[in-house]
1. What FRET efficiency, computed as 1/(1 + (r/R0)^6) with R0 = 51 Å and r the Cβ-Cβ distance, is obtained for Ala352 and Ala25, rounded to the nearest 0.05?
2. Please enumerate, by chain and number, the lysines with C-alpha under 29 Å from the C-alpha of Lys161, excluding those fewer than 8 residues away in the same chain.
3. Need the C-alpha centroid separation for region 286-323 versus region 23-48, integer Å.
4. Could you work out how much longer the chain between Glu143 and Ala275 gets when fully extended? Use 0.36 nm per residue separation minus the Cα distance between them, nm to one decimal.
5. If I compute P(r) over Cα pairs in 20 Å bins from 0, in percent from the structure I just sent, which labelled value in [x] 17, 22, 18, 15, 12, 8, 5, 2, 1, 0; [y] 24, 51, 24, 0; [z] 23, 46, 26, 4 lines up?
6. Give, rounded to the nearest 20 debye, the magnitude of the charge dipole that region 10-74 has about its Cα centre when Lys and Arg contribute +1 at Cβ and Asp and Glu contribute -1 at Cβ.
7. Apply the a/c threshold of 1.5 to the C-alpha gyration tensor of region 129-171 and tell me whether it is rounded, prolate or oblate.
8. Quick one: if you stick a label point 7 Å off each Cα along the C-beta vector at Ala57 and Ala124, how many nm between them?
Amino acid sequence: MKDSVSATSGVFRLYVTSIGAANAAAAGAISKGLGIAPEAAAQCLYKAPSLVADGLAAPIADQMQELLAALGLETLVLDADAPAPVKSEATYDLGVYFEDASKLPEVAVDLAEFLGASPAQAIAMLCTPPGVILGGVSEPTVEALRKRLERPGVEIMASEKSEAQYGLIFDDLSDLHRQSLGRDLEGMGRSLDSPGTLEWADAERLWRRHGPAGLRIVDMAFLRFDVLLTEWTDSTAARSALENQAGVPADIIDDVVGAIPVALEEGLTGEQARAAVMAYAAAGLGVMADPITFQSVSISVAHASHPKVLGEALQSIGMGDGTAPDLPWTSPPLTELQARFAELVLQEAGAAVSLEVAQ
């Protein structure tokens, strides 16, 4: 899409206002056409609105605008005396959450086209928790990605860096590095037992010191939780909460309670999980918010209607050579999204599948 305004000075400026429907090739075209570094060209697109050319005569401005618009970029030509488009200082990190794991392949194809990567690379990116695909981009890029990737069962998560809160994951740290991290946290008025959440500046400082040793930081906006029923005291209020909030049919409540611990709600944001826990607790239910983003999950197949079809299905998701596996079969540890997608593929192949979360 392009736009322009009438001239008064006779000299024009050309802006990219959004990456729009363009892909990674547009950055290469701008780099080559304007003689700027590829990294600078990419920043022009991902942090739009951006000035890409100045001091242009009208015919040149129109020609350049046509070329950029043909790439799918949204552009704007302004008179040199006109105010520049308003540019927010806010930048965002972007992630993808799949409520419907079956959408993974189609989203990966669209993301690969956008990034100039292969579908396999895009799938690896999407399946690596917490599913972050881009960092430090402007709001127009957020909206362009939403239009391209978001669909029923797929949510684009955007977190503004200046407002984000970060958590620490230090399970992989050695005892020595834990002690060092603990001292740094104490200097911030925190502790290993209760590090709380951090703003980006503090989180980045800790990551620079301890990241090489295995510390990970994660934007809390990208975490997802299941709400688990862990304790049950029978009452009218408790049964009403299961039926009305969790959607459990009244005639199977006793069966659900008998399976404790059991998930009442799945894939909630932190805010949604806190609200759900409070509502269930108010009804007398014992519940907890279980973080699932970094879960390690194994899939087991007890039997299959068509072993050859099962072998082909496993090969399609990178877990075999196409031959029928010996049963029972268990996968290596998978990420939460990998496991949910593999479960769907194997069930479609006629396999009886069960999932087990690593402790």
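Here, each number is a calculation from the coordinates, and none is a lab measurement. Keep in mind it's a predicted model, so treat the numbers as computed, not measured. Note that each Cβ is placed from the backbone with ideal geometry, even for glycine, and that neighbours are counted across all protein chains shown.
1. 0.65
2. Answer for Lys161, where 29 Å is the Cα cut-off: Lys47, Lys87, Lys103, Lys147, listed by chain and number.
3. That distance is 41 Å.
4. Working: separation 132, 0.36 × 132 = 47.52 nm, distance 2.78 nm.
Using 0.36 nm per residue and subtracting the Cα-Cα distance, I get 44.7 nm.
5. [z]
6. 120
7. oblate
8. 5.0
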